[in-house]
1. Filter the stretch 138-191 down to the residues that are more than 25 Å from residue 221 (Cα to Cα), crowded, with 19+ Cβ neighbours inside 10 Å and more than 24 Å from the chain's Cα centre (by Cα) and list them by number.
2. From 81, 86, grab the single residue that is touching a helix residue (DSSP H, G or I) at 6+ places or on another chain (Cβ under 8 Å), modelled with pLDDT of 95 or more and assigned to a strand (DSSP E or B).
3. Consider the stretch 145-182. How many of its residues are within 16 Å of the ligand (Cβ to nearest atom), touching a residue at least 12 places away in the same chain (Cβ under 8 Å) and out of contact with any strand residue (DSSP E or B) (no Cβ under 9 Å at 6 or more places or on another chain)?
4. Say whether the condition of being at pLDDT below 95, within 15 Å of the ligand (Cβ to nearest atom) and in a loop (DSSP other than H, G, I, E, B) is met by at least one residue in the stretch 129-140.
5. Condition test on residue 203, is it within 24 Å of the chain's Cα centre (by Cα), away from the ligand (no atom under 14 Å from the Cβ), surrounded by fewer than 24 Cβ atoms within 10 Å (Cβ to Cβ) and in the same structural domain as residue 145 (by TED's automatic domain parsing)?
6. Please tell me if residue 217 is assigned by TED's automatic domain parsing to the domain that holds residue 120 and over 17 Å from the mean Cα position of the chain (by Cα).
7. Mind listing whichever residues of the stretch 31-52 are in a helix (DSSP H, G or I) and farther than 23 Å from residue 185 by Cβ?
Ligand SMILES: Cc1ncc(COP(=O)(O)O)c(C=O)c1O
């Protein structure tokens, strides 16, 4: 059922719109999928970064969650959430903020992948008589950071951390490059095998590894078996986006985020429609540029959320979006003042351009959510 209440067209544009019905479906689907395959979700809260969305993503204040900044950790801790993984390598200068939250009873876990970081943690812990919970990042796909599962330095790092060592984690960001279901299933298996192999190495050396954490939105949706994996992380699945559609993880009908925009004019000679959403509203992200379908700066939809075939935001300046109409579309169908929705390439990047969101509740009513800012 398409709900299209009048308030959608009455708010000043551009604004970021969240569709609650789709959000709930996306969240519910992945939770049951992961649990049915032997693990549990530790949702990444970074896509929407709002206290309101955490309520949908987490069953209780003690449910595991992932954050990408200490600002988020502080805000969620203040709201009562107690089990947070800060999933970006720890900078020694940030240990005092981590310690402060841990002293408040927050089980804030940190991440590292080298001996220098481990030394900094131990030196702080010894000086301040502070216990930490540390995950070591494993590189499962050569995509970013982490230490390879068979690297002997893994044992040195875990030994150095001693009682502060709590587990292994990996993030198969390289899965974004997959285009077939088979490749996604294989990538998900590789991600799990990497941490299980690393755990085996530690166990052989007599080191216990209480937790194993894997995940990205594509691998969480295609993994067939999560037995032996303590938790699966995913974030962008909350709203999905065009990058995920191209990978084959979702369809248009699942995308729960759009930017609402207004037609403000034309370039008649070129058959261009101008809208009031430039990169300040959509972000500079061109994540679909090298995928099977390039959606420019976003897929144009009616205000009711129906995608318009082959109509994209072709280019942007700061506050202008240019829609180069294809041959089958006519300027007269886009009168000045018309409201449209634009699906984003990368939901995390587009959301970051907005201080807050408007939410289309399942019953058609209007809500607003404030975004947590900063680092
Ligand atoms: C460490 C880590 N875990 C999980 C995720 C979530 O992955 P996705 O964005 O595919 O949902 C990310 C995303 O960047 C991440 O960096």
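1. 154, 157, 158, 161, 165, listed by residue number.
2. Details: 81 fails: assigned to a strand (DSSP E or B).
Of 81, 86, the one residue that is touching a helix residue (DSSP H, G or I) at 6+ places or on another chain (Cβ under 8 Å), modelled with pLDDT of 95 or more and assigned to a strand (DSSP E or B) is 86.
3. Total satisfying the criteria: 6.
4. yes
5. Answer is no for this residue.
6. For residue 217, the condition - assigned by TED's automatic domain parsing to the domain that holds residue 120 and over 17 Å from the mean Cα position of the chain (by Cα) - is not met.
7. First pass over the stretch 31-52, keeping only residues in a helix (DSSP H, G or I): 31-36, 51-52.
Once the filter is applied, which keeps residues that are in a helix (DSSP H, G or I) and farther than 23 Å from residue 185 by Cβ, the stretch 31-52 yields 51, 52.
Every residue, every condition in (1) more than 13 Å from the ligand (Cβ to nearest atom); (2) on the phi > 0 side of the Ramachandran plot; (3) in a strand (DSSP E or B), yes or no:
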position: 17; (1), (2), (3): yes, no, yes
position: 26; (1), (2), (3): no, no, no
position: 29; (1), (2), (3): yes, no, no
position: 54; (1), (2), (3): yes, no, no
position: 74; (1), (2), (3): yes, no, no
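The values are calculated or read from the model by the stated rules, or taken from the named source; none is laboratory data. Keep in mind that what you see is a predicted model, and the values were worked out from it rather than measured. Neighbour counts are summed over all protein chains in view; Cβ atoms, including those assigned to glycine, are modelled from backbone coordinates with ideal geometry.
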